[in-house]
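In what follows, a single structure is set out as C-alpha cells and then discussed.
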Amino acid sequence: MMQMLLAGGMPILTDGRRAADEDNPKGYWEFEPVKNTRVSCDWLRQAQGKAVKMVHLLLTDLPREGYFYRVLLMKRRMAEVLASQRVMLQRQGKSGAALSEEQLSQVFLRQMERVENWLKEQPHFAVLSVDYNALIANPMPQAAAINEFLGGALDSGRMIQAVNSRLYRQRIS
C-alpha cells in the first residue's frame, strides 16, 4: 500500500531504519516514532498530508482533538498473515508466539473487530477497508476507491503499476 501511495503521488513519512530484507524486499516503510504513539504523538506534526504506516492497535492512541485521520485499513486472509509471520520469524531465527495459530488468529480477529467498532464511533476518523487479496487480484477498482477516498489527486495508473504480485508469497486459498 505504501508503495502504491508513493507511486500515485502521495508523500510518505518513513525513516528507512528497518531495511529491506528477504521478507519485505521493498522495505518496511515504517516511521519509528509511530511505535511510541501512546507515549508521544509529537511525530504527528510531520505527518500532516502524508501517508504513515501504523499498526491497527495504535489507532486508539491518536489524539482526538486537532486532527482528522483517513485510515486505509488493510485486510488479508488470516491464514496468510500467520503464514507470513511464521516464515519471517523462522528466517530471523526467532521462535513464534506461545499461542497456537488458531489462538493467534482468534486474538487478532478480536483485536481487529474491537478497533473497527471503535473507529465507527470516532468522528475524527474516516476509514476505507482495503482487501489485500482483491487488490492483488485486480488492483484497478481498489486503486480508484483509494484515490477517491484520499481526495482524487493521486495517479491511479501509477498506483496500479506499483502492485507487484510476485511479492504475494504466502498464498492460501
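The table for this structure:
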| item | result |
| --- | --- |
| Enumeration of residues in the range 34-60 that are farther than 23 Å from Arg158 by Cα, under 16 Å from the mean Cα position of the chain (by Cα) and outside any loop (DSSP other than H, G, I, E, B) | Val34, Lys35, His56, Leu57, Leu58, Leu59, Thr60 |
| Residue in the range 98-110 that is of a type in the set (Gly, Ala, Ser), at pLDDT below 95, under 19 Å from Asn164 (Cβ atoms) and part of a helix (DSSP H, G or I) present | no |
| Hits in the range 18-72 (condition: without any contact (Cβ under 8 Å) to a residue 40 or more places away in the chain, hydroxyl-bearing (Ser, Thr, Tyr) and within 24 Å of Ile146 (Cα to Cα)) | Tyr28 |
| Search result, residues across the range 36-70 that are more than 18 Å from Ser129 (Cα to Cα) and surrounded by 13 or more Cβ atoms within 10 Å (Cβ to Cβ) | Asn36, Thr37, Cys41, Trp43, Leu44, Ala47, Lys50, Asp61, Leu62, Tyr67 |
| Hits in the range 119-133 (condition: surrounded by fewer than 13 Cβ atoms within 10 Å (Cβ to Cβ) and either assigned to a helix (DSSP H, G or I) or small (Gly, Ala, Ser) (or both)) | Lys120, Ser129 |
| Test: Leu89 is at pLDDT below 95, more than 27 Å from Pro63 (Cβ to Cβ), touching a Gly at 6+ places or on another chain (Cβ under 7 Å) and not aromatic (Phe, Trp, Tyr) | yes |
| Any hit, the range 56-76, residues being among the hydroxyl-bearing types (Ser, Thr, Tyr) and at pLDDT below 80 | no |
| Answer from Ala20, Ala51 - the residue that is of a type in the set (Gly, Ala, Ser), at pLDDT 95 or above and within 25 Å of Val163 (Cα to Cα) | Ala51 |
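The values are calculated or read from the model by the stated rules, or taken from the named source; none is laboratory data. What you are looking at is a predicted structure, and each value in this text was computed from that prediction instead of being measured. No Cβ is skipped: glycine too gets one built from the backbone with ideal geometry, and neighbour counts run over all protein chains shown.
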